[in-house]
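Asks: One structure coming up, written as structure tokens, with questions to follow.
The values are calculated or read from the model by the stated rules, or taken from the named source; none is laboratory data. If you're wondering where the values come from, they're calculated on a predicted model, not measured in any experiment. Neighbour counts run over all protein chains shown; Cβ positions are idealised from the backbone, glycine included. With ligands, DNA and RNA removed, areas are computed over all heavy atoms of the protein, side chains included. Shrake-Rupley method; radii C 1.70, N 1.55, O 1.52, S 1.80 Å.
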Amino acid sequence: DIIVQKELPIEKSCTALQLVMTCIIEGMSLFEDSFEEILFKRTSIPQDLSKRLFYKKSQIPNNGLIDLTLPYDQLDRFFRSLNFHPLPNDIGYPKLKLNNRVYYIDKIKLLERSIVTKRGSIFISESNQVCFQSADAVGCFLKIRDENLKRIMIDQFIEENQLLEYKLTSQKLYSCQL
């Protein structure tokens, strides 16, 4: 049964950890405000179990593999849903398979809303950012980890995967082939 509940707005940039912490803080406040009512009146609302939602670890979309052909906003939500930084994440990290290697990507950043090359392409900008083309935008990977979850430098990632560099001209990336 539901004793007390409250709907909360979720910020567009909210991570999994931020959402958990917001719910804990609001839950403590609701408990404090409702303590006497809970203690003496014992009122509750029966929970409609047919409307309850939960997801198992085994239900992470695409088994946690990153699909760079999706729209950028969907990719961003996927990354934020698995971001518990600085705490460990027992659910899983977004995984990128590239050249028979597995990498874990902690965070992405939007560079521009445009299509400059083939969806799903990964390339290097002249400022040495590892970029990707989603369905509708160019983004970059901000933190990359190896198969042991150890942080690796961008230069190492570029070298291991022999990525090509493409120049930025007037803030536009020009097409590349991998």
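Asks: Grab every C-alpha pair in segment 25-126, bin the distances at 10 angstrom width from 0 up to the longest one, and report whole percents.
Replies: 11, 29, 25, 17, 12, 6, 1
Asks: Follow-up. Mind checking the per residue accessible area of the chain for me, 1.4 Å probe, whole number of Å²?
Replies: Computed with neighbouring chains in place, this is 69 Å² per residue.
Asks: Would you kindly state how much longer the chain becomes between residue 14 and residue 62 on full extension, computed as 0.36 nm times their sequence separation minus their alpha carbon distance, in nm to one decimal?
Replies: Answer, rounded to one decimal: 15.1 nm.
Asks: Hey, with R₀ at 22 Å, roughly what FRET efficiency would residue 112 and residue 151 work out to, going by the Cβ-Cβ distance, to 0.05?
Replies: For residue 112 and residue 151, the calculated efficiency is 0.25.
Asks: What do you get for Rg/Rh over the chain if you use C-alpha atoms and the Kirkwood form of Rh?
Replies: My calculation puts Rg/Rh at 1.11.
Asks: A further question on this structure: Measure nothing fancy, just the Cα-based angle from helix 72-81's long axis to the longest principal axis of the chain, in degrees from 0 to 90, nearest 10.
Replies: Between helix and principal axis, roughly 50 degrees.
Asks: Per the Debye formula with a single identical scatterer at each Cα and no solvent contribution, what log10 I(q)/I(0) holds for segment 1-66 at q = 0.15, 0.21 Å⁻¹?
Replies: At q = 0.15, 0.21 Å⁻¹ the computed log10 ratios are -0.72, -1.08.
Asks: Taking amide H atoms as placed 1.01 Å from N in the peptide plane, list the residues 5 or more away in sequence, or in a different chain, whose amide H sits under 5 Å from that of residue 142.
Replies: When sequence neighbours closer than 5 places are left aside, the close amide H contacts are 107, 108, 109.
Asks: With the Cα gyration tensor of segment 86-167 in hand, give its eigenvalues times 5 under a square root as the equivalent ellipsoid semi-axes, listed largest first in whole angstrom.
Replies: They are 21, 15, 11 Å, listed from largest to smallest.
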